[in-house]
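Inspection log for the structure reproduced underneath, given as structure tokens.
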Amino acid sequence: MSKTALTTREISIHNLKRRPFRTACLVILVAILAFTLTGGSILIKSLKDGMVNLEKRLGADIMAVPLGYEAGIEGALLRGEPSAFYFEAAIADRILHIDGVSQVSSQFFITSLSEACCSMPVQLIGFEPQTDFVIQPWVVEKLGGNIGNGQLMVGSSIIAQVGGTLKFFGQGYTVAGQLDKTATAFDTSVFMTMDTARKMFKDARKIGYHFFTEGENAISSVMVKIERGAAADAVAKKIRINNPEADIVISKNLISGIVKNLNTLVVYIHTLSAGLWLLALIVLSVIFPVTINERKREYAVLRTLGATRKKLAGIVLSESSWISLTGSIIGIFLSCLLLLPFSTYISIKLKMPYLQPRADVLLYILGVNFLLSFAVGPLTSFYSAIRIGRAEPYITLREGE
Amino acid sequence: MKNRLISGILFIGFGGLIALGPQSLFKVCRPMEGHLMKCFGMARAELGIGALISVLGVLLMVFKADQIRMALSTSLGLTNIVALLIPTVLIGVCNTHAMHCRTTTLPALSVFSILGIVTAVTNIIYLYRATKKPEHNP
């Protein structure tokens with residue numbers, strides 16, 4: 001027979017192994033708690049980061065698009081649905097002179113062709129580096145300077161090598177840089193100067209691509225920044241009155257639907273997490289005293305053999321800690337295994353901007369949730385651990401005789 | 001007995017999902033106009049690897065000796081690593097980010113492969129400890 005020292009660890013593990021079904025059930029309970037807490041936290045953080053990014057990247061307070069194309073700009077910006085629509089370039093100048101408008105910048109949209117297989121059309125966006133305040137800051141941040149004519153800045157989801165070439169409408173263009181992931185439609189967009197965009201437009205027409213414009217004096221949208229203190233609604237109304245050929249979109253209204261959905265989802269996840277944590281607390285608070293009560297003679301024997309009250313308490317706390325530790329690790333592992341690889345799928349299904357947290361933030365989330373789920377076990381067994389040592393061994397052993 | 005059954009069933013399940021999943025539950029892109037995609041070839045490779053994992057899972061249930069089962073578990077761990085490398089490094093899937101094979105097939109295969117690796121490692125540790133005990137009935 002092999003000799004094993006009766007350490008707290010050995011006794012607690014042996015006790016857990018003796019009741020495998022009960023141990024498994026308690027571990028599963030803690031695992032479900034850890035899974036929900038971690039999964040919910042990652043989901044909320046990813047959605048919130050996506051939302052913040054979207055608000056940052058929208059840049060403009062107001063957008064003017066051709067009449068009837070409000071849905072088009074919404075699809076292009078929020079869902080990455082490539083669009084091409086046009087109106088006269090002169091509208092940008094008229095908008096600039098409206099009260100409350102601080103800056104304007106025009107953009108020109110083209111959609112690329114899609115092959116029968118394996119590729120998807122991308123949004124090609126021409127912008128004016130001298131006046132732009134939406135895309136230009138990222139370009140400067142990434143390249144350290146301006147993008148040149150004939151060069152492209154691609155979104156993070158575009159398969160391209162920096163320094164390599166991308167072909168559009170039969171012509172090659174150099175990829176000057178690639179933007180970081182934004183969890184917005186810009187990830188599937190390609191940016192270029194207005195001159196490059198107009199050249200690309202001509203190339204497209206040469207190969208038979210038809211547009212509702214000749215292209216020379218056309219733009220797709222006007223990005224508007226309002227003055228500090230001005231009300232977006234009021235300025236939008238003035239722009240609308242002075243430019244009946246345009247649809248006016250206020251950025252905060254564009255994303256208000258998404259913000260509402262996000263807030264509802266956040267409340268739901270927090271409620272579910274809190275409810276599960278409470279449930280785990282209640283169940284474990286009931287189970288631990290019951291299991292300890294049915295083993296009080298065993299503990300009395302240990303006391304008789306010389307175990308101190310502290311050791312008995314240690315055994316009880318050790319058992320609950322092992323259950324919590326195992327359950328937490330399993331729950332957190334499964335949560336990461338499901339959420340991290342499927343992040344793109346989740347973002348497509350939720351139809352909301354979804355930006356996975358950075359590694360350091362993710363580790364922080366995992367750490368906090370580990371502590372929260374681990375704490376459940378020792379917390380619920382603490383009182384029982386204190387009580388177990390107080391019973392008089394002789395009386396306990398002779399109980400019922 | 002319990003360990004043989006549980007571990008065997010788990011690996012048969014993982015193998016089945018890895019082999020047949022890309023053909024059914026989380027399908028890859030079909031060939032279009034005679035153009036075969038990377039993910040199609042990847043699915044074919046996973047068909048073989050998944051079948052191998054299932055067969056090894058059956059053998060795990062059949063053999064009683066701990067050392068044979070440890071060797072089988074090691075093989076299963078390594079095979080699952082290959083199953084993970086095929087869609088990620090060795091062959092890969094379509095490049096376009098929104099393609100079904102990238103959003104669904106690749107993550108699903110990654111999940112099942114990783115679960116297979118973790119199960120194999122756990123089984124190896126369990127069997128190693130079991131061989132150290134003086135009395136052990138498989």
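The values are calculated or read from the model by the stated rules, or taken from the named source; none is laboratory data. Fair warning: this is a prediction, and the values are worked out from it, not measured in the lab. Heads up, the Cβs are rebuilt from the backbone with ideal geometry, glycines too, and the neighbour counts pull from every protein chain shown.
Brief remarks on what is shown
- Condition check for residue B:79: polar (S, T, N, Q), surrounded by 18 or more Cβ atoms within 10 Å (Cβ to Cβ), in a helix (DSSP H, G or I) and under 14 Å from the mean Cα position of the chain (by Cα): yes
- Residue satisfying all of: in region A:109-136; at pLDDT 85 or above, over 17 Å from residue A:87 (Cα atoms) and assigned to a loop (DSSP other than H, G, I, E, B); nearest to the other protein chains (Cβ to nearest Cβ) among these: A:135
- Among (1) assigned to a helix (DSSP H, G or I); (2) within 14 Å of chain B (Cβ to nearest Cβ) - the single one residue A:157 does not satisfy: (1)
- Of the residues examined, residue A:123 is one that is touching a residue at least 12 places away in the same chain (Cβ under 8 Å) and either crowded, with 20+ Cβ neighbours inside 10 Å or over 30 Å from residue A:46 (Cβ atoms) (or both).
- Only listed residue being small (Gly, Ala, Ser), away from chain B (no Cβ under 14 Å), in contact (Cβ under 8 Å) with a residue 24 or more places away in the chain and surrounded by fewer than 22 Cβ atoms within 10 Å (Cβ to Cβ), chosen from A:246, A:204, A:218, A:197: A:218
- Cβ-Cβ under 9 Å pairs, at least 6 apart or on other chains, region A:164-191 side closer than 17 Å to residue A:51 by Cα, far side at pLDDT 90 or above and in a strand (DSSP E or B): A:186/A:125
- Enumeration of residues in region B:96-114 that are polar (S, T, N, Q), in contact (Cβ under 8 Å) with a residue 40 or more places away in the chain and either at the interface with chain A (Cβ under 7 Å from one of its Cβ atoms) or touching a Gly at 6+ places or on another chain (Cβ under 8 Å) (or both): B:104, B:105
- Considering B:53, B:68, B:117, the condition of being hydrophobic (A, V, I, L, M, F, W, C), under 25 Å from residue A:335 (Cβ atoms) and away from every other protein chain (no Cβ under 14 Å) is satisfied by B:53 alone.
- Among the residues of region B:28-48, those that are within 22 Å of residue B:115 (Cα to Cα), surrounded by fewer than 18 Cβ atoms within 10 Å (Cβ to Cβ) and touching a helix residue (DSSP H, G or I) at 6+ places or on another chain (Cβ under 7 Å) comprise B:45, B:47.
- Region A:329-373, residues that are within 13 Å of residue A:43 (Cβ to Cβ), aromatic (Phe, Trp, Tyr) and more than 15 Å from the chain's Cα centre (by Cα): none
- Residues located in region A:349-362, provided they are crowded, with 17+ Cβ neighbours inside 10 Å and either within 11 Å of chain B (Cβ to nearest Cβ) or hydroxyl-bearing (Ser, Thr, Tyr) (or both): A:354
- Residue match in region B:125-138 (condition: within 14 Å of chain A (Cβ to nearest Cβ) and either within 30 Å of residue A:354 (Cα to Cα) or among the small types (Gly, Ala, Ser) (or both)): yes
- Check on residue A:41, of a type in the set (Gly, Ala, Ser) and under 30 Å from residue A:279 (Cβ atoms): yes
- Residue satisfying all of: in region A:319-334; among the polar types (S, T, N, Q) and surrounded by 24 or more Cβ atoms within 10 Å (Cβ to Cβ); farthest from residue A:18 (Cα to Cα) among these: A:328
- Screening region A:156-178 for residues that are at pLDDT 90 or above and polar (S, T, N, Q) and picking the one that is surrounded by the most Cβ atoms within 10 Å (Cβ to Cβ) gives A:178.
- As a summary of the residue check, residue B:51 satisfies the conditions (1) surrounded by 14 or more Cβ atoms within 10 Å (Cβ to Cβ); (2) touching a residue at least 60 places away in the same chain (Cβ under 8 Å); (3) small (Gly, Ala, Ser) except for the one numbered (2).
- Only one entry of A:72, A:100 meets the criterion of being of a type outside the set (D, E, K, R), away from chain B (no Cβ under 14 Å) and either surrounded by fewer than 16 Cβ atoms within 10 Å (Cβ to Cβ) or more than 29 Å from residue A:199 (Cβ to Cβ) (or both), and that entry is A:100.
- Among residues of region A:42-59, those that are under 24 Å from residue A:331 (Cβ atoms) and buried (at least 20 other Cβ atoms within 10 Å of the Cβ), counted: 3
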